[in-house]
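Taking it in order: structure first as structure tokens, then the write-up.
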Amino acid sequence: MVRLSEDADSWNNSPDESRKLPRAVLNIIDLHGFKLLRRVALTDRLLGAGDMGFTPKGALLVSGLQEKSNATIDGKVIRTRQYALETLTLPGLEPETVCHYTTVIRPFSTQTPSTPEERKRMEKENREEVERQQNQKQAAEKACGPKLAPLGFSSLDDVRKSFTVLGRLGYDADYTQRVPPQSPWGCGFEDLSGNLQYVLFDCDEGRVVVFGRYRAFRVFRLEDGKQIMDLKVPRSTLFGERRVLFSGVLAASRGITYVVLLRDGAELEGYRVP
């Protein structure tokens, strides 16, 4: 599934209600034969701008902002946001609601108080808003949690970690911090195994050897942070030969984990993790 979206960020982030609704083109592809099953243009708020992906149980799920409104009360802009989660059939894209929840956000008081009484009032309002947001989060989890379990998620936070960039970065960071720092070789996080046993780092600093340069893909065992593989692959040479491009992931088959490297976007190489 490949989605090309326009105006998604404006719809999700901007308080300006006059902005146009998100537009998107969704392509559904059968990977067995690389066949395009369906291409559809969308102006749907949720399908066009929501976080979309496959659940651990294989269902297509979309999660995101469905409706939004602003109201000014006592000089303060109150933002109301309604969120929805839906599963979709393939290739028909027939929606089935999983759950809904609503958030109401009141701005925190940031003005400098002129009197002790005003300061106490502002502090009280800010504490109440923090408590209100915590209650809304708990209510959303209560409404959605039991309905997410059959899809393979334990909470809304699990959905965020799986479907959003920032959520995934935080999820990966929870595990990669167990690995010792890899400087000065410029190693960066590449992939985390699905069983949460291994992590792959791409060391693309181009360490100099006798006849050229190479980069290394290192595998660490998360249980103890120990390095168990160091794959050295050619990157370029000192004699002007073309640079070889690599990308790598961890993949599992029949209980065995492999490092799979893609060379120049065309050739696959697989290495079994010991």
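Considering segment 33-54, the residues that are of a type outside the set (D, E, K, R) and assigned to a loop (DSSP other than H, G, I, E, B) include one that is farthest from Gln82 (Cα to Cα), namely Gly33. Looking across segment 255-274 at every residue that is in a loop (DSSP other than H, G, I, E, B) and loosely packed, with under 14 Cβ neighbours inside 10 Å, the one that is farthest from the chain's Cα centre (by Cα) is identified as Pro274.
Gln111 meets all of the listed conditions (1) assigned to a strand (DSSP E or B); (2) at pLDDT below 90 but one, namely (1).
Quick grid of which residues meet (1) loosely packed, with under 14 Cβ neighbours inside 10 Å; (2) of a type in the set (Asp, Glu); (3) touching a Ser or Thr at 6+ places or on another chain (Cβ under 7 Å):
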{"site": "Arg39", "(1), (2), (3)": "yes, no, no"}
{"site": "Thr43", "(1), (2), (3)": "yes, no, no"}
{"site": "Gly48", "(1), (2), (3)": "no, no, yes"}
{"site": "Thr55", "(1), (2), (3)": "no, no, no"}
{"site": "Gln82", "(1), (2), (3)": "no, no, yes"}
{"site": "His100", "(1), (2), (3)": "no, no, no"}
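Residue pairs whose Cβ atoms lie under 8 Å apart, separated by 6 or more positions or on different chains, with the first residue in segment 123-139 and in the same structural domain as Tyr101 (by TED's automatic domain parsing) and the second polar (S, T, N, Q) and surrounded by 11 or more Cβ atoms within 10 Å (Cβ to Cβ), are Glu125/Ser109; Asn126/Ser109; Gln133/Thr103; Gln136/Thr102; Gln136/Thr103. Checked against (1) in contact with a Ser or Thr (Cβ under 9 Å, 6 or more places away or on another chain); (2) part of a strand (DSSP E or B); (3) not small (Gly, Ala, Ser), Lys20 passes all but condition (2). Does Gly152 fit the bill of being more than 17 Å from Leu65 (Cβ to Cβ) and touching a residue at least 60 places away in the same chain (Cβ under 8 Å)? Here the answer is yes, as Gly152 does meet what is asked.
Only residues that are more than 30 Å from Phe108 (Cα to Cα) and part of a strand (DSSP E or B) were counted across segment 55-82, and they come to 3. Please indicate, with yes or no, whether at least one residue in segment 84-99 is in contact (Cβ under 8 Å) with a residue 12 or more places away in the chain, small (Gly, Ala, Ser) and more than 28 Å from Arg38 (Cβ to Cβ). No: segment 84-99 contains no residue that is in contact (Cβ under 8 Å) with a residue 12 or more places away in the chain, small (Gly, Ala, Ser) and more than 28 Å from Arg38 (Cβ to Cβ).
The values are calculated or read from the model by the stated rules, or taken from the named source; none is laboratory data. These numbers come from a predicted model, not from an experiment. A quick note on method: Cβ atoms are made from the backbone with ideal geometry, for glycine too, and the neighbour counts reach across all protein chains shown.
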